[in-house]
Amino acid sequence: VQGRVFRMAFICSGSITDGGWNQDGRDAAVKVAKALHAKLSVLEHVTPIRATSIMRDFCRRHYGLIIGHGYEFLVPATQVARMTTHTRFAISGADKVEPGVTTMNFDLTQPSYELGALAAMISRTGKIGFIGGEAIPSVEACYKGFKAGARAVNPKIRVAQAYTSWDQVGLSKTQAQAFIQQGIDVIYQNVDAASQGVFEAVKSANRRHPGHPVYVFGCNGNQNNNPTCSRYTLASAVIRLDRAFMHVAILAKAGKLKAGVINETMANHVCIVVLNPKLLGRVITPAMEHRLVVIRKHLLAAK
Amino acid sequence: MFLLEIIFTVGGCALAAGAVLILLALMGFPPGHILELWYRGAVADRYALADTLTKACPLLLTGLAAAITFRAGVFNIGAQGQLLVGAAMAVAMSTRLLSPHTPPLPGITMCLFAGAGAGAAWGLLASLLELWRKVPVVLSTILLNFTALYAVKILLHSYLQAHGTSAPQSSQIPPHFCLPVMMKYTSLHIGVLIAAAVAMVAEFVQVMTVFGFQTTAIGLNEAASRLVGIPVAARQIQAMLIGAGCAGLAGAIQILGVAHFMTAKIGNYGYAGIAVALLGRLDPMGVAVAALFFGALDAGAQRAEESSIGLPHETSNIIKAVIILAMLIIGAWSMRRTLRSGLWQQRNTETGDGA
Amino acid sequence: MSPLLELIRITRRFGNLTALSEVSLRVNTGEVFGILGENGAGKSTLMHLLAGALQPNSGQILLEGQKVVISSPRRAFELGIGMVYQHFKLVGTQTGMENLALFAPGGWWRGVSAEVRQTADRWRRELNWNVEMHRPVERLSVSEQQRIEIIKALSLGGRLLILDEPTAALTPAQVDSLLSTVRQLAERGLTVLLVSHKLAEIKSVCDRIMILRQGRMTLEAAADDVSTSEIITAMIGKDISLPTAARAPQGGRSVLELEHAEPKHRGRHSFGRDRSVLKAASLRVNAGEIAGICGVEGSGQIELSAILTGETDAAGRLVIDGIPLTKFGARRHLKDIGVIPADRQKEGLILPWSIHNNLALKAHDRRPFSRWGILRRRGWSDHHERIKRQFDIRAGDLRMPVVGLSGGNQQKVIVARELELKPGFLLAINPTRGLDVGAAAFVMQQMLTARDGGMGILLIHDDLDELLRLSDRLYVMYAGHLYETPWPDATRRQIGAWMLGNELESLRSGPRGDDGFRDRRNGPVQP
Amino acid sequence: MVLAGLGELTAEITGVIDIGIEGIMLSGALAAFLASFASGHGMIGLLAGILSGIVMAGIFAVTCIGMGADQIVVGTAINLLALGATGSFWMLFQNWTQSHNLVIHLARNEAFNRIPIPWLSQIGFAGPALFDQYGLVYFTIVLCGMVGWALNRTRLGLVIRGLGDSPETCAAAGIPVKLSRTLATLFAGGCAGAAGAYLSIMQTHSFAQNMTDGIGFVVLSLVIFGRWTVWGLISGCVLFGAINSLQQTLQTARYTSHSTVLHAMRHLPFEIFQMLPYLAALIALAIFAGSRPGPKYLGKNWQADS
Ligand SMILES: Nc1ncnc2c1ncn2[C@@H]1O[C@H](COP(=O)(O)OP(=O)(O)OP(=O)(O)O)[C@@H](O)[C@H]1O
Ligand SMILES: Nc1ncnc2c1ncn2[C@@H]1O[C@H](COP(=O)(O)OP(=O)(O)OP(=O)(O)O)[C@@H](O)[C@H]1O
Ligand SMILES: [Mg+2]
Ligand SMILES: [Mg+2]
């Protein structure tokens, strides 16, 4: 494919202004495209049904790499991959192997495990909770890890789980309030655009009863200094999409991208935990920090 | 009259185009280029046309779903829900119920019928609620849409879920159950033909048959229809069954023809269908035209979005809306014009006779 | 007397139909001015112009000498012009009072204000009507609605009262009282414009009359100077005589038997409804006869017809053409009987549809009009052309929507459709309401020929003259009970008395009317 | 939600059905957010929200009532328009803030805050829920009272209801039908806009692409649910809200509470809970049947003949 400018496409199912999964993906893709002097096409709000024809169009027009940002693009990609030789497909957030397609399995399990542990250390009520936008692999992974981590620190802890919507900010706010009313004092959320709702709930809860602080975790992007309640955001589980995308893009450009699963984990520094510096030493005591480091070591050793 | 219609429609397009150009310029996109992309994406070459047709197909069916029921005075907003249920049923049929050894033809037919049937059943629910409990169809169908959505999500998490993933998505439709594609490198599937056939039949039924005559009568004046002995309730339920069936079929065709697997994000053709139906003045052929129009809009929008300019999805939405509005205004205007002149004719014939 | 109102060369066109051309007239203060004309002559149009509902294309209107432009209904009210429209202007879901208040001038924030109530009550007292003013008007009978309309017009317009076919829906007694009120009003200096098709009443009450024919004024004279036949000639161009029925031979097979039928309300439906008037009605209609039902509006005619058309489920026994309908309200039988409904526009026609379709509405699903569920439109046209000629429906093109027809012709379409199939049994409710003499006579003639053709007809009619003219047997309906009368061996006087509930004891059949259930709506009216 | 419903209610009673309410809310939300962000005053934000709502409704009125286009299609188009417009503006806005690296956030005075009513807000459990609310909420309650009063007690109410049931009568009464309907539509737009503003600058202090996500349709159905009466509407909204919070509490309680019953519920798919409000509404309808017909001319445009 020499001589031709390298073309890559980025398609996602949501809105690229959602301040979360999709937006981060877009930004990462843009960054990569700049770095590689590649031509980038971005398509948002792509339903799986449209995806098939869209991808086929792309490969008809000699695109080198198509990044399908979300599990639902796996199947369409597999279908199109059958009939093309040039185009490579990278699907993020899927947990399944399909022929002809590279899946980037962003596994937040380990970071979530860490967060869970931290939550368990900090929670006074022994109740913590997780809010997801939709029960999809990447999100459920968060809950699994979170729960495991918490249990590891405090076997008797109760870990609630609820799902709302990616868009309806109000809904996740009321959900978070429901959590808080039932005594949950650490909330881990993965609801992208709607996360603002959770932050609002946390903020007002803390204003009402400063005595019983409620804390929250960020996800996907680094939400530690979100303007609403950064003083109560302990940490964020961050996916460094740019890193992952860069990796596949370079391979694809060189025509070396192999089909199969790339496990994007803590090991290759794509999925990481970023503690909130504002709270270090105050809420997150050095002891806790140290304990987290130990846990991380174990995690990395484990695999 | 018809000429007048055409003139106005053309005028409408022109007006719309003008508005769009200005709008784009304001938003800082090169208007000319975008329109050109739009054109290329919608009608330029065979690929584009195929795309347009493919996108028009579900709209045509859901449009019919709305048109057929509205005509009979049944205000069925539930195409979306019926579509979802139909799709789910088709998936269940093809991936779970049918043995993979079933030969394609009977297999596909059964899937399609299953989809249509499920849709019809879902619609029937609303009709029965009205018949027995006097729950207005407008309302029950809206609520049933949401219910259907979550019900389907549950299925996608449990019964229909693909093996080896925790994602809420069905496993793939076995290839020999997918609708054959009519044109290489596109997803122009024979479902389009099916939809067209359905539209033709609908048109025929409406203008040529007792059923069409009676349903239309009911829609226009229920009391009178009842007094001349037309079985109103029965006809309305039948209309609902047929309409909802169309919606279900739309779902099934989308799955078997385009997606080949299912998630809950199936696109809201149901709601769009209502607009299509009314833009087509509840007349099957009109609906077909409207559906093509919408299909072309979608196809063009997609091209403009994926182009290097990267027209944002939202912006293309604006353009669609503006175009539709323009069409509407012009349509309404022309309609009133024709209506007026129609009145004139009646009147003078009347007096001409009276004199 | 000074002219209150003067019209000078008024012309009004719709499209290029001239509904009124160069109409001029003067109406003096305190006189009752009658306007006649066949259907579609332009009477209503003229009235609309005065009420501000329409504007003239040319010509001018003088009120008490100076030129006025009646730009809107409001303006008309201000000028003291109140009108009762031929097709009522009432909000069905609101009560009579509320409707008055809706029209009454005044601030938006005040509800049904005291003075509205008072004026209304005053007029009700003067007209000696106790109309139900606190029930949604759609639940009231046509005549009651009309009375509310009249009260409304009176309380709005102080000087000029326009009545467009006001007596169409009233019983003789009511008509008399209305006309006498009209006279009273005139004595008081109120001027009344009265549109009507009924020559008798026009002649009895009007000082002067004018006759419209296809938008032109063909005659203006003092009521007493012109004879009926002159009037008719001026209206239609030829003189016509009302058909007189030769009595049919008694006792053919029965086509309708009704025994102890009365509405049965399931709890949900009865909720909020006014409880039914109709009580255990029993009647029979034989083939080849016209059985008439007379009675004051609201004595249960509506309920009776509702039962016959399966509108409401009913208890009792109903046999049509020898076939007993086990479950009433299963509307199967409607295909096989003919129905001429009370409200032609709401229940009779599909207004936006062509005359073709409306004519075919009943027969479309039988041969030869359709076969195997497929319409055969080609078959229709010549058939319908024949009907059109036979029933002389004034319409150029059968493809035009029936909205365009004037009331009379609309009614003809229905009659044609229902008689055409020669059903064994025909239910006719006010078949000639709102028709001009010619059309009315024609419709009546059609019904008679149908009867002689062996059709059994149940005729519920407000117009007592026509009713008596047509009926072979007569039932009186009072307070929901049916009584068979010895008609034709009974005088009009007796019948009038029976209708008002007097001397009913002398009639056989049906329970006595003394079960304490008095008709709330029509109180005692002096015979 | 009540607020939006209220507007729609009025419009529908005059015989105008505005499917575009969802879009109108959305535009109101964005306008309110941007305005209060720019101006630094929540009040201005609210006004902007209302204004944008009125503008959108204006488009609707011109095309439907003025031009006589079909109300439902226009409504759908309006939804599309709003979705697109808000999306695009939001994107432009974000790019702009990024380029000037500002943080998108409403400070205290920019967003509204709750106004506790001194004594009442302390009362036990219900206290905070009822009496520690945003000013707009109190206003809405008052407005409900006013509209209810106007509809049932005043001549205005008669006119409004008349417009929906038989416009020709109103015409005969000399009431400018189209104008009145337009006004009602604009009122609806204003209300929906305000409701949108509530979503963005009060409830969540933020805006998100398509943050209404179906609320509009729920409102529509609630208006019908309430049989076009204010009290019906309110009870509908309350019921819906109550069931919603119930299901959210349940979702949580499955894990936090000790009761075995709730524990058992863990195995239920959570969609069941999300489905609950809609199912409940359906069932409620089926039980409290005997529907009262809506305005006769609902969704029908009216043209003076001749
Ligand atoms: N209409 C189409 N739809 C989908 N895929 C297509 C279409 N046309 C070509 N492809 C695929 O895109 C790739 C490039 O197609 P093409 O036929 O141009 O190959 P090529 O001529 O070898 O490429 P090149 O132009 O670099 O020599 C091939 O993998 C082909 O399978
Ligand atoms: N709004 C209208 N548009 C067009 N033509 C009309 C309209 N109203 C009435 N016409 C026509 O004008 C003529 C006069 O109508 P009008 O209603 O005045 O007749 P009429 O004298 O009242 O008849 P009837 O005795 O049946 O009431 C009729 O031919 C009618 O078709
Ligand atoms: Mg008239
Ligand atoms: Mg008339």
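Residue check: B:THR109 meets all listed conditions (1) surrounded by fewer than 24 Cβ atoms within 10 Å (Cβ to Cβ); (2) more than 27 Å from B:LYS184 (Cα to Cα) but one, namely (2). Any residue that is of a type in the set (S, T, N, Q), more than 8 Å from chain B (Cβ to nearest Cβ) and under 22 Å from the mean Cα position of the chain (by Cα) - is there at least one of those in segment C:331-351? Yes, the conditions are met somewhere in segment C:331-351. Residue-level check: of (1) assigned to a helix (DSSP H, G or I); (2) over 21 Å from C:PRO166 (Cα atoms), C:LEU482 misses just (1). Every condition in (1) closer than 28 Å to C:VAL195 by Cα; (2) more than 16 Å from ligand 3 (Cβ to nearest atom); (3) outside any helix (DSSP H, G or I) holds for C:TYR475 except the one numbered (1). Here is a check on your reading of the model: is B:PHE70 modelled with pLDDT under 90 and assigned to a loop (DSSP other than H, G, I, E, B)? In short, no. Taken together, the residues in segment C:352-379 that are more than 7 Å from chain B (Cβ to nearest Cβ) and aromatic (Phe, Trp, Tyr) amount to 2. Scanning segment B:147-166 for residues that are of a type in the set (Gly, Ala, Ser) and free of Cβ contacts under 8 Å to residues at least 12 places away in the same chain yields B:SER158, B:GLY164, B:SER166. C:LEU90 passes every criterion in (1) in a loop (DSSP other than H, G, I, E, B); (2) surrounded by fewer than 23 Cβ atoms within 10 Å (Cβ to Cβ) apart from (2).
Residues that are within 7 Å of another protein chain (Cβ to nearest Cβ) and of a type in the set (Val, Ile, Thr) were ranked within segment A:22-50; the one that is surrounded by the most Cβ atoms within 10 Å (Cβ to Cβ) is A:ILE49. When we screen B:ALA296, B:ALA290, B:ALA272, B:ALA239 for residues that are in contact with a Lys or Arg (Cβ under 9 Å, 6 or more places away or on another chain) and within 13 Å of chain D (Cβ to nearest Cβ), the only hit is B:ALA290. Taking helices (runs of 4 or more DSSP H) as the structural unit, those lying wholly within segment B:221-279 and holding at least 2 residues that are among the small types (Gly, Ala, Ser) and free of Cβ contacts under 8 Å to residues at least 24 places away in the same chain correspond to B:222-227.
Of all residue pairs spaced 6 or more apart or on separate chains, those with beta-carbon atoms under 9 Å, a first member in segment C:424-439 that is under 30 Å from C:GLY322 (Cα atoms) and a second member that is within 15 Å of ligand 3 (Cβ to nearest atom) and small (Gly, Ala, Ser) are C:ASN430/C:ALA168; C:ASN430/C:ALA169; C:PRO431/C:ALA440; C:THR432/C:ALA439; C:THR432/C:ALA440. Considering every residue within segment A:51-73, establish whether at least one is buried (at least 24 other Cβ atoms within 10 Å of the Cβ), touching a Ser or Thr at 6+ places or on another chain (Cβ under 6 Å), modelled with pLDDT of 80 or more and under 13 Å from A:LEU241 (Cβ atoms). Scanning segment A:51-73, I find at least one residue that is buried (at least 24 other Cβ atoms within 10 Å of the Cβ), touching a Ser or Thr at 6+ places or on another chain (Cβ under 6 Å), modelled with pLDDT of 80 or more and under 13 Å from A:LEU241 (Cβ atoms), so the answer is yes. In the condition set (1) closer than 22 Å to A:GLY126 by Cβ; (2) more than 14 Å from chain D (Cβ to nearest Cβ), A:ALA201 is compliant with all but (2). Residues that are farther than 30 Å from C:GLY215 by Cβ and of a type in the set (A, V, I, L, M, F, W, C) were ranked within segment C:352-409; the one that is farthest from ligand 3 (Cβ to nearest atom) is C:TRP372. Considering only residues in segment B:151-189 that are touching a Leu at 6+ places or on another chain (Cβ under 9 Å) and part of a helix (DSSP H, G or I), the one that is nearest to the other protein chains (Cβ to nearest Cβ) turns out to be B:ALA151. The set of residues from segment A:136-195 being at the interface with chain D (Cβ under 7 Å from one of its Cβ atoms), under 20 Å from the mean Cα position of the chain (by Cα) and among the hydroxyl-bearing types (Ser, Thr, Tyr) comprises A:TYR163, A:SER165. Would you check if C:ILE70 is outside any helix (DSSP H, G or I), β-branched (Val, Ile, Thr), within 14 Å of ligand 4 (Cβ to nearest atom) and crowded, with 18+ Cβ neighbours inside 10 Å? So C:ILE70 fails the test. The set of residues in segment A:151-189 that are polar (S, T, N, Q), out of contact with any Leu (no Cβ under 8 Å at 6 or more places or on another chain) and either surrounded by fewer than 24 Cβ atoms within 10 Å (Cβ to Cβ) or part of a loop (DSSP other than H, G, I, E, B) (or both) comprises A:ASN154, A:GLN161, A:GLN168, A:THR174, A:GLN177, A:GLN181, A:GLN182. C:LEU36 falls short of the stated requirement of being assigned to a helix (DSSP H, G or I) and either in the same structural domain as C:VAL192 (by TED's automatic domain parsing) or more than 14 Å from ligand 4 (Cβ to nearest atom) (or both).
Any residue that is in contact with a Gly (Cβ under 6 Å, 6 or more places away or on another chain), in a helix (DSSP H, G or I), away from ligand 3 (no atom under 16 Å from the Cβ) and within 14 Å of another protein chain (Cβ to nearest Cβ) - is there at least one of those in segment C:431-446? No, segment C:431-446 has no match at all. The set of residues from segment A:128-142 being of a type in the set (Val, Ile, Thr) and not in a helix (DSSP H, G or I) comprises A:ILE128, A:ILE131, A:ILE136.
Within segment D:166-187, restricting attention to residues that are surrounded by 24 or more Cβ atoms within 10 Å (Cβ to Cβ) and in contact with a Ser or Thr (Cβ under 6 Å, 6 or more places away or on another chain), the residue that is nearest to the other protein chains (Cβ to nearest Cβ) is D:ALA184. Scan segment A:74-104 for residues that are more than 9 Å from chain B (Cβ to nearest Cβ), surrounded by fewer than 24 Cβ atoms within 10 Å (Cβ to Cβ) and in contact with a Ser or Thr (Cβ under 6 Å, 6 or more places away or on another chain) and the total you get is 1. Summed over segment A:1-54, residues that are within 16 Å of ligand 1 (Cβ to nearest atom) and hydroxyl-bearing (Ser, Thr, Tyr) total 3. Screening D:GLY162 against (1) within 17 Å of the chain's Cα centre (by Cα); (2) of a type outside the set (Ser, Thr, Tyr); (3) part of a helix (DSSP H, G or I); (4) within 14 Å of chain C (Cβ to nearest Cβ) leaves a single unmet condition, (1). Taking C:GLY92, is it modelled with pLDDT under 75, more than 16 Å from ligand 1 (Cβ to nearest atom) and within 26 Å of C:GLY407 (Cβ to Cβ)? The answer is yes for C:GLY92. Checked against the criterion of being within 10 Å of another protein chain (Cβ to nearest Cβ), in contact (Cβ under 8 Å) with a residue 40 or more places away in the chain and more than 16 Å from ligand 4 (Cβ to nearest atom), segment C:11-26 contains one or more residues that satisfy it.
The values are calculated or read from the model by the stated rules, or taken from the named source; none is laboratory data. For clarity, every value in this text was computed on a predicted model and none was experimentally measured. Please note: Cβ atoms are built from the backbone with ideal geometry, for glycine as well, and neighbour counts cover all protein chains shown.
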